[in-house]
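The values are calculated or read from the model by the stated rules, or taken from the named source; none is laboratory data. All values reported here derive from a predicted model rather than from experimental measurement. For neighbour counting, all protein chains shown are included, and Cβ atoms are generated from backbone atoms with ideal geometry for every residue, glycine included. In case anyone asks, the SASA skips ligands and DNA or RNA and just uses the protein heavy atoms, side chains included. Shrake-Rupley method; radii C 1.70, N 1.55, O 1.52, S 1.80 Å.
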Amino acid sequence: MIPGTNAPSTESPAPSLSPTSASRTVGIRRTEAPWSYERVIKAAPRASNSGFQVGATSADGRTSDVSGFHFSTPDRGVRCSTGNNGADALVCVGEHVRGAKRAADATAECDWQADYVVLDANGPKAGACANSYPVLFRSRILGSGRAINVDRFACLTDSDDLYCVESSSGTGFAITANGYSAIRADERAPASLLGLDSDADSPTVNNRNSSPVVPTR
């Protein structure tokens, strides 16, 4: 069951995702693109964090209440965990993330997995030592068109695609059918995420709060 969009009164407001170092080039602040990833994610209906503290340690394991926050895309092609390993990172495993070469500084004990994506204050990177970044199984689905905000991280699903940004670096990643790509929070979101036919069109805006209409199909 997908949690409702109203956050409990005990939750703190979503943190600002204004980019910092990633928005600067030779001392000149980059201007945020209209309908950036940041703006689209912040405008999307927000899922209650309290519904995403469930998971299992194996694919066929029993689910239970756990620490940290864990979620999956609607097709379960991507599953993510944050706050459960002390690494201060959002870590996702995606079936379309491929080809990441083993890190040069990986130790012999590293269980290197090319389908991992790690996002922290240093930005995103593909590939990781799975034994250093546990990602739980059978986590609850983050419904299409909904966003989740956990500490410095914010993610949005669009059908089976996932877009995430991290506030302190102003960077993030996208995992789609085309694979993994690094993104900036301040760059324009793709037409498909805005519900447009092409990148040249203007986003659909509702009259109440001037927010983009995020697809919920």
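Data table
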{"item": "Portion, in percent, of the accessible area of segment 36-168 that falls on carbon or sulfur, probe 1.4 Å", "result": "44 percent"}
{"item": "Gained length - S181 relative to R62, 0.36 nm times residue gap less alpha-carbon distance", "result": "39.6 nm"}
{"item": "Summed side-chain charge close to A121 - residues other than A121 whose Cβ falls under 13 Å, Lys, Arg +1, Asp, Glu -1", "result": "-2"}
{"item": "Å² per residue, accessible surface of segment 69-148 at 1.4 Å", "result": "44 Å²"}
{"item": "Radius 13 Å from Cβ of R140, net charge of other residues (Lys, Arg +1; Asp, Glu -1)", "result": "+3"}
{"item": "Extended-chain gain in nm, criterion 0.36 nm per residue less alpha-carbon gap, S48 and R98", "result": "14.9 nm"}
{"item": "Distant-in-sequence amide H partners of G127 (H built 1.01 Å from N, under 5 Å)", "result": "Y116, V117, V118"}
{"item": "19 Å cut-off, amide nitrogen to a point 7 angstrom out along N131 Cα→Cβ, residues in segment 48-72", "result": "57-59"}
{"item": "Per-residue HN-Hα couplings for segment 46-54 [Karplus 6.51, -1.76, 1.60; θ = phi - 60°; Hz; x = Gly/Pro]", "result": "9, 7, 6, 4, 4, x, 10, 10, 9"}
{"item": "Under 16 Å from the A106 label point (7 Å along Cα→beta-carbon), backbone N, segment 69-100", "result": "92-94, 97-100"}
{"item": "In nm, spacing of pseudo-spin labels at S192 and R76 (7 Å Cα→C-beta vector)", "result": "2.3 nm"}
